[in-house]
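Peer 1: Below are the structure tokens for one structure; questions will follow.
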Amino acid sequence: MPLNQQIVLDNRPTGEATASNFMLVASDTPELQDGQVLVRHHYLSLDPYMRGRMNDSKNYAAAQPLGQVMIGGTVGEVVESRSPKFQPGDKVVGMGGWQQYSVVDDKQPGALRKVDTTHVPLSHYLGAVGMPGVTAWYGLVKIIEPQAGQTVVISAATGAVGSAFAALARARGCRTVGIAGGPDKCRYAVDELGFDACIDYKLHQDAASLSMAIKVACPKGIDGYFENVGGMVLNAVLPLMNDFGRIAVCGMIAGYDGEPTPITHPALILRSRLKVQGFIVAEHMEVWPDALTELGLLVGSGKLRPRETVAHGLEAAPEAFLGLLKGKNFGKQLVKLI
Ligand code: NDP
């Protein structure tokens, strides 16, 4: 059985996460028991939620235990099988973690899913046709519930969730406006992802200035806002929300390292009779089949062409992860493991 390189959480961050919170180790892969398969990971997904798991504080999910392999989505290939459900060569998606191989029990519900790579590249099952894509779908379809012609806005617009959101909102006939960091990302949002406009929040020192720029791109106000960031960006969007607007609270990345992200005028929620709803995509497994079908068709037809930032080798994962939290990624952040 092969030697397995792994990255474990060695210690918890105080404030900003650093590479020294992680440790690279190696261990032997255990012999397979009946019902188990050995998966060789081709790609590891890096996602902002992992930052929350590094803390040992109240959260919607359990903290990452110290000394254990970091949690994470993976795609790869079955290389050995003692399960009738999987054959060597099957391409699979699972939660293999920050390591080169994983042993998976076929009795664990949903632990491993076969995927078809005929029209969708394997890596996209960690992005547009995976958890981030379904996240965009849930927030848009189930919380924002847009009508054709309405204006919807998303922050972190060029990331894994943001790019899927653009294609889904366009398919529903919405005016779709992004908020992203820097001129390159904003150009890409409009030219490649099909946003009608994109606002560079980094050009603005405060919420009032950013709000004025967003207002120009949203002349009829905002009907639906998909929140990925929090802080100044949310404070800039709130005054522009139309009456009975909907805000899907998906992420608050501006606060993941512990900075406070206060809402300066919560009375706007009342004044505009807004619906503000947080959600965790893993708690809505019932929508995944429909969402994945639509996302797969959008990718297969070329209407969604997601970009990826790929780090190479497991040892590159910590720096790539820290870069993701600072916006160094352009689209879905992955680590290629073979
Ligand atoms: P992205 O690929 O969008 O990467 C994160 C992006 O966040 C960065 O590229 C950066 O973009 C932006 N960002 C980072 N720091 C800041 C900051 N201080 N202010 C403003 N923007 C910042 O990640 P994902 O698409 O994977 O995730 C997007 C969001 O969705 C995250 O908040 C994540 O936690 C959340 N999420 C929630 C889920 C749920 O179930 N609720 C499931 C999946 C994701 P830029 O350069 O444009 O600033």
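Peer 1: How would you order 129-142, 46-59 from highest to lowest mean count of nearby Cβ atoms within 10 Å? Each step should come with its number before you reach the end.
Peer 2: Values: 129-142: 24.9, 46-59: 16.9.
Listed from highest to lowest mean packing, they are 129-142, 46-59.
Peer 1: Below 8 Å, C-alpha to C-alpha, sequence gap of six or more: please give me the relative contact order for the stretch 195-338 in percent.
Peer 2: Details: 174 pairs, mean separation 23.4, N = 144.
Relative CO of the stretch 195-338 lands at 16 percent.
Peer 1: Run the lone-cysteine check on the chain: no other Cys C-beta under 4.7 Å from the residue's C-beta.
Peer 2: When partners are defined as cysteine Cβ atoms under 4.7 Å apart, the chain leaves C174, C218, C250 without one.
Peer 1: Can you spot the aspartates and glutamates whose alpha carbon is less than 18 Å from K220's alpha carbon? Ignore those fewer than 8 places along the same chain.
Peer 2: Hits, sequence-local ones excluded: E145, D196, D243.
Peer 1: Mind telling me which of K275, K91, K185 comes out most flexible in a GNM of the chain, alpha-carbon contacts under 10 Å?
Peer 2: K275
Peer 1: Net charge within 13 Å of V75 by Cβ-Cβ distance, Lys/Arg positive one each and Asp/Glu negative one each, not counting V75 itself? Spell out each step's value before the answer.
Peer 2: On the way: positive: R40, K91, R113, K114, K332, K336; negative: E77, D90, D116, E308.
Every neighbour counted, the sum reads +2.
Peer 1: Cα-Cα over 28 Å: which of K202/K336; K142/K332; K58/K336; K114/K332; K185/K303; K85/K336?
Peer 2: Details: K202/K336 30 Å; K142/K332 23 Å; K58/K336 32 Å; K114/K332 21 Å; K185/K303 19 Å; K85/K336 26 Å.
Distance filter (> 28 Å) returns K202/K336; K58/K336.
Here, each number is a calculation from the coordinates, and none is a lab measurement. These numbers were taken from a predicted model, which means no experiment stands behind them. Cβ atoms come from the backbone with ideal geometry, glycine included; neighbour counts cover every protein chain shown.
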